[in-house]
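The values are calculated or read from the model by the stated rules, or taken from the named source; none is laboratory data. This one's a predicted model, so the numbers in the text were calculated from it and none came from an experiment. Every residue, glycine among them, receives a Cβ derived from its backbone with ideal geometry; neighbour counts consider all protein chains shown. Quick note on the areas: whole protein, heavy atoms, side chains included, nothing else; ligands and nucleic acids left out. Shrake-Rupley method; radii C 1.70, N 1.55, O 1.52, S 1.80 Å.
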Amino acid sequence: MTERYGAAGLAAAQPGPSRGAAALPRHVAIIMDGNGRWAEARGLPRLEGHRRGVEALRATLRAARDIGIEIVTVYSFSSENWSRPATEVSGLMGLLKRFIRNDLAELHEAGVRVRIAGDRDSLSRDIRSLLVEAEALTAGNRGQTLIVAFNYGSRQEIAEAARTLAMEVAAGTRDPASITPEAISARLSTAGIPDPDLVIRTSGEMRLSNFLLWQSAYAELVFQPVLWPDYGREALLEALAEYARRERRFGGVAAVVAGA
Ligand code: IPE
Ligand code: IPE
Ligand code: MG
């Protein structure tokens, strides 16, 4: 019998080799890439691509809720994106603010719990308070979890976890032998969230760009050529169909036909 990888099935603490046409990932993480190229191809400023990217995000999140994806993580600004021109950076900050102001009510209404991953210290005070507001308002929601990775860098996150653990060892409150993969996972911004099953990157680039490096150890990677502003329900369904065709082994062997 084919093991079903439905939202409930994947809750099992120990994932095993599995495949299944009915497979639905529990946690989908998306690298929303290609806004700049979308705009440039139309002779528009890059920021217009980012604006259209927010609309695509809205449509994609609605579709993910309809489909029943339990957790969605979106990469909206990387630690390395500060190296872009100042006007683009401030445009992106403005879009984040507008997204939270305009969409928080709808997300809350839909029962979405919002979490933010990334370094907040270098963000402006008004953004920091909006992030706190979004998390506080939706903390009790039990529908979908939306993690917005903003000013996020996976290496920085892992280094931060290592630093915290090292300080505990130095203070004598932790035994170095207790530094296990689980102890590190529990110090990341995704603590308590199951690892992504599926990581999608749009725009045809095939790299992770410092996104969820630890958490994606066994994620299925799907790269789609579509530029992010053109993303939505249809493209998400294609990625999910591709995921359902994959066979996840987690280091084991293929699920074999009985008697083989
Ligand atoms: C993704 O689109 C959005 C962010 C990185 C903030 P890009 O702005 O990277 O678009 P391209 O890759 O230049 O087309
Ligand atoms: C990754 O895209 C970051 C986000 C999508 C937010 P980039 O466009 O910044 O990545 P690189 O520079 O092409 O690797
Ligand atoms: Mg890019």
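Things to note:
- Whichever residue in the stretch 196-229 is open to solvent by less than 20 Å² (accessible area, probe 1.4 Å), part of a loop (DSSP other than H, G, I, E, B) and touching a helix residue (DSSP H, G or I) at 6+ places or on another chain (Cβ under 9 Å) and, among such residues, is farthest from ligand 1 (Cβ to nearest atom): D197
- Selection count, the stretch 22-52, where residues are at pLDDT 95 or above, hydrophobic (A, V, I, L, M, F, W, C) and open to solvent by less than 20 Å² (accessible area, probe 1.4 Å): 6
- The selection criterion, being part of a helix (DSSP H, G or I) and small (G, A, S), holds for A244.
- Among the residues of the stretch 61-98, the ones that are more than 16 Å from ligand 3 (Cβ to nearest atom) and under 13 Å from the mean Cα position of the chain (by Cα) come to 7 in all.
- Residues of the stretch 172-195 that are more than 18 Å from the chain's Cα centre (by Cα), part of a loop (DSSP other than H, G, I, E, B) and either at pLDDT below 95 or not basic (K, R) (or both): G172, T173, D175, I179, T180.
- Qualifying residue in the stretch 149-171 (condition: under 22 Å from R26 (Cβ atoms), touching a Gly at 6+ places or on another chain (Cβ under 6 Å) and among the aromatic types (F, W, Y)): yes
- Residue identified as over 19 Å from the mean Cα position of the chain (by Cα), β-branched (V, I, T) and buried (at least 17 other Cβ atoms within 10 Å of the Cβ) among I127, I116: I127
- Residue within the stretch 136-152 that is within 22 Å of S78 (Cα to Cα), surrounded by fewer than 16 Cβ atoms within 10 Å (Cβ to Cβ) and without any contact (Cβ under 8 Å) to a residue 40 or more places away in the chain present: no
- Condition met for G91 (small (G, A, S), surrounded by 13 or more Cβ atoms within 10 Å (Cβ to Cβ) and either in a helix (DSSP H, G or I) or more than 16 Å from ligand 2 (Cβ to nearest atom) (or both)): yes
- If the condition is being in contact with a strand residue (DSSP E or B) (Cβ under 9 Å, 6 or more places away or on another chain) and closer than 15 Å to E55 by Cα, then the stretch 226-243 contributes W228, Y231, A235, L236.
- Going through (1) surrounded by fewer than 14 Cβ atoms within 10 Å (Cβ to Cβ); (2) more than 14 Å from ligand 2 (Cβ to nearest atom) one by one, R155 falls short only on (2).
- The condition of being more than 16 Å from ligand 2 (Cβ to nearest atom), under 23 Å from M32 (Cβ atoms) and aliphatic (A, V, I, L, M) holds for only one of A255, A241, that being A241.
- Qualifying residue in the stretch 68-75 (condition: open to solvent by less than 10 Å² (accessible area, probe 1.4 Å), outside any helix (DSSP H, G or I) and within 13 Å of ligand 2 (Cβ to nearest atom)): yes
- Taking the numbered list (1) open to solvent by 60 Å² or more (accessible area, probe 1.4 Å); (2) farther than 26 Å from G34 by Cβ; (3) of a type in the set (A, V, I, L, M, F, W, C) in turn, A110 passes all entries but (1).
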